[in-house]
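What follows is a single structure, written as structure tokens, with notes after it.
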Amino acid sequence: MVLTSLEILAFSFIAGIFGALLGLGGGIIVIPALTLLLGVDIKYAIGASIVSVIATSSGAAVAYVRDKITNLRIGMFLEIATTTGAITGAYIAGLISPKYLYIIFGIVLLYSALAMLRKRHEELPQNVVSHPLAKKLKLEGSYFDKVLNKEVKYKVAGVYSGFGTMYVAGVLSGLLGIGSGIFKVMAMDLFMKLPMKVSTATSNFMIGVTAAASAGMYLMRGYIDPKIAGPVALGVLLGAMLGTRIMEKLKNTTIRKIFIPVLAYISIQMLIKGLGV
């Protein structure tokens, strides 16, 4: 059991680094590692994954908020859509066959990966026209980029499309029990035209709020095992703290190039699940 705990800790540490770096939460690594490599039941793996998401968010959010990379206004505004979507997803969970959803979302993510691939060399968004609602809600912001060694001011476009995608992300999370960080980053990067660092940092802030809302449900059902969730939380927290330091030293283009293959991998996995291959 000690060896298993150390193995869980090691995988969780790696998951925490990628979770903080890409704004995904770490579940993409934690769940496959626990179920496929260590033989943990999927229900307990998902429960531990939710704990890992909260740990990633807590570990990364402090540094990103301190350095003003996280846009708190955008995060709280979009959280309305995500939370509403999660409630909707939980409500209709028994009405729709998950396989069709996996196929639809798999296609959407694959298209998004191709769209990101086209702008992989774009360090900062160009010629962004600020959305009227973004101005009214004061969603625009700035942060100091340590790599570029300058203050980066950015505008916010596509508020409605970004908000709508966040709602879909919430539905997906509530319906399929998987993390929606990938949709959050995609919505902010593709539709709202935010710098990649702002997208991943704000996603890290948001996923913790979303996960905390569903953690209680998994706890009541007995799916959070302290022997599994403990090493996961510790490993992810330590990994997230390192991930934040790495992210600040990378270019936006580098983060996007890491994000694209992860996005493509998840889309393919969702299509395989949906098609039953």
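Can you report the number of residues in the stretch 246-260 which are in a helix (DSSP H, G or I), in contact (Cβ under 8 Å) with a residue 24 or more places away in the chain and either open to solvent by 50 Å² or more (accessible area, probe 1.4 Å) or among the aliphatic types (A, V, I, L, M) (or both)? I'd like the intermediate steps shown before the answer.
Our first condition is that a residue be in a helix (DSSP H, G or I); within the stretch 246-260, this holds for 246-248, 252-260.
Filter once more, keeping what is in contact (Cβ under 8 Å) with a residue 24 or more places away in the chain: 246-248, 252-253, 255-260.
Now drop any that are not either open to solvent by 50 Å² or more (accessible area, probe 1.4 Å) or among the aliphatic types (A, V, I, L, M) (or both), which leaves 246-247, 255, 257-258, 260.
Residues meeting the conditions: 6.
Just to verify a result, which residue in the stretch 64-74, among those that are out of contact with any Lys or Arg (no Cβ under 6 Å at 6 or more places or on another chain) and not in a helix (DSSP H, G or I), is most open to solvent (accessible area, probe 1.4 Å)?
In this case the residue turns out to be K68.
In the stretch 261-273, what residues are under 16 Å from the mean Cα position of the chain (by Cα), surrounded by fewer than 19 Cβ atoms within 10 Å (Cβ to Cβ) and among the hydrophobic types (A, V, I, L, M, F, W, C)?
V262, A264
Can you tell which of G243, G230, G235 is among the small types (G, A, S), surrounded by fewer than 21 Cβ atoms within 10 Å (Cβ to Cβ) and either at pLDDT 85 or above or in a loop (DSSP other than H, G, I, E, B) (or both)?
Details: G243 fails: surrounded by fewer than 21 Cβ atoms within 10 Å (Cβ to Cβ); G235 fails: surrounded by fewer than 21 Cβ atoms within 10 Å (Cβ to Cβ).
So the residue among G243, G230, G235 that is among the small types (G, A, S), surrounded by fewer than 21 Cβ atoms within 10 Å (Cβ to Cβ) and either at pLDDT 85 or above or in a loop (DSSP other than H, G, I, E, B) (or both) is G230.
Regarding L137, is this residue more than 26 Å from T56 (Cβ to Cβ) and in contact with a Phe, Trp or Tyr (Cβ under 7 Å, 6 or more places away or on another chain)? Outline the logic, then answer.
Numbers: more than 26 Å from T56 (Cβ to Cβ): yes; in contact with a Phe, Trp or Tyr (Cβ under 7 Å, 6 or more places away or on another chain): yes.
Against the criterion (more than 26 Å from T56 (Cβ to Cβ) and in contact with a Phe, Trp or Tyr (Cβ under 7 Å, 6 or more places away or on another chain)), L137 qualifies.
For (1) over 19 Å from F77 (Cβ atoms); (2) surrounded by fewer than 17 Cβ atoms within 10 Å (Cβ to Cβ); (3) more than 12 Å from the chain's Cα centre (by Cα), each residue gets a yes or a no:
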| site | (1), (2), (3) |
| --- | --- |
| G164 | no, yes, yes |
| A169 | no, no, no |
| A187 | no, no, no |
| M217 | yes, yes, yes |
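Could you check, for the stretch 199-218, whether at least one of its residues is closer than 14 Å to L109 by Cα and either of a type outside the set (D, E, K, R) or modelled with pLDDT of 80 or more (or both)?
Residues of the stretch 199-218 closer than 14 Å to L109 by Cα: none.
The answer is no, given that none of the residues of the stretch 199-218 is closer than 14 Å to L109 by Cα and either of a type outside the set (D, E, K, R) or modelled with pLDDT of 80 or more (or both).
Determine, yes or no, whether G276 is open to solvent by less than 10 Å² (accessible area, probe 1.4 Å), touching a residue at least 12 places away in the same chain (Cβ under 8 Å) and either in contact with a strand residue (DSSP E or B) (Cβ under 6 Å, 6 or more places away or on another chain) or not aliphatic (A, V, I, L, M) (or both).
Details: open to solvent by less than 10 Å² (accessible area, probe 1.4 Å): no; touching a residue at least 12 places away in the same chain (Cβ under 8 Å): yes; either in contact with a strand residue (DSSP E or B) (Cβ under 6 Å, 6 or more places away or on another chain) or not aliphatic (A, V, I, L, M) (or both): yes.
So G276 fails the test.
Does the stretch 115-135 hold any residues that are part of a helix (DSSP H, G or I) and open to solvent by 30 Å² or more (accessible area, probe 1.4 Å), and which are they?
Of the stretch 115-135, the ones part of a helix (DSSP H, G or I) are 115-118, 132-135.
Across the stretch 115-135, the qualifying residues are L117, R118, P132, L133, K135.
Only one of I87, I92, I96, I50 is in contact (Cβ under 8 Å) with a residue 12 or more places away in the chain and crowded, with 16+ Cβ neighbours inside 10 Å. Can you tell me which?
Values: I87 fails: crowded, with 16+ Cβ neighbours inside 10 Å; I92 fails: crowded, with 16+ Cβ neighbours inside 10 Å; I96 fails: crowded, with 16+ Cβ neighbours inside 10 Å.
Among I87, I92, I96, I50, only I50 is in contact (Cβ under 8 Å) with a residue 12 or more places away in the chain and crowded, with 16+ Cβ neighbours inside 10 Å.
Could you tell me which residue of the stretch 75-114 is modelled with the highest pLDDT, considering only residues that are in a loop (DSSP other than H, G, I, E, B) and touching a helix residue (DSSP H, G or I) at 6+ places or on another chain (Cβ under 9 Å)? Steps first, please.
From the stretch 75-114, those in a loop (DSSP other than H, G, I, E, B) are 92-97; that's our starting set.
Imposing the further condition that a residue be touching a helix residue (DSSP H, G or I) at 6+ places or on another chain (Cβ under 9 Å) reduces the set to 92-93, 96.
Numbers: I92: 74, A93: 62, I96: 71.
Looking at residues that are in a loop (DSSP other than H, G, I, E, B) and touching a helix residue (DSSP H, G or I) at 6+ places or on another chain (Cβ under 9 Å), I get I92.
The values are calculated or read from the model by the stated rules, or taken from the named source; none is laboratory data. It should be emphasised that the depicted structure is a prediction, and the values quoted were computed from it without experimental measurement. Because the Cβ atoms are built from the backbone with ideal geometry, glycine has one as well, and the counts that use them run over all protein chains shown. Ligands, DNA and RNA are excluded from the accessible area calculation, which covers all protein heavy atoms including side chains. Shrake-Rupley method; radii C 1.70, N 1.55, O 1.52, S 1.80 Å.
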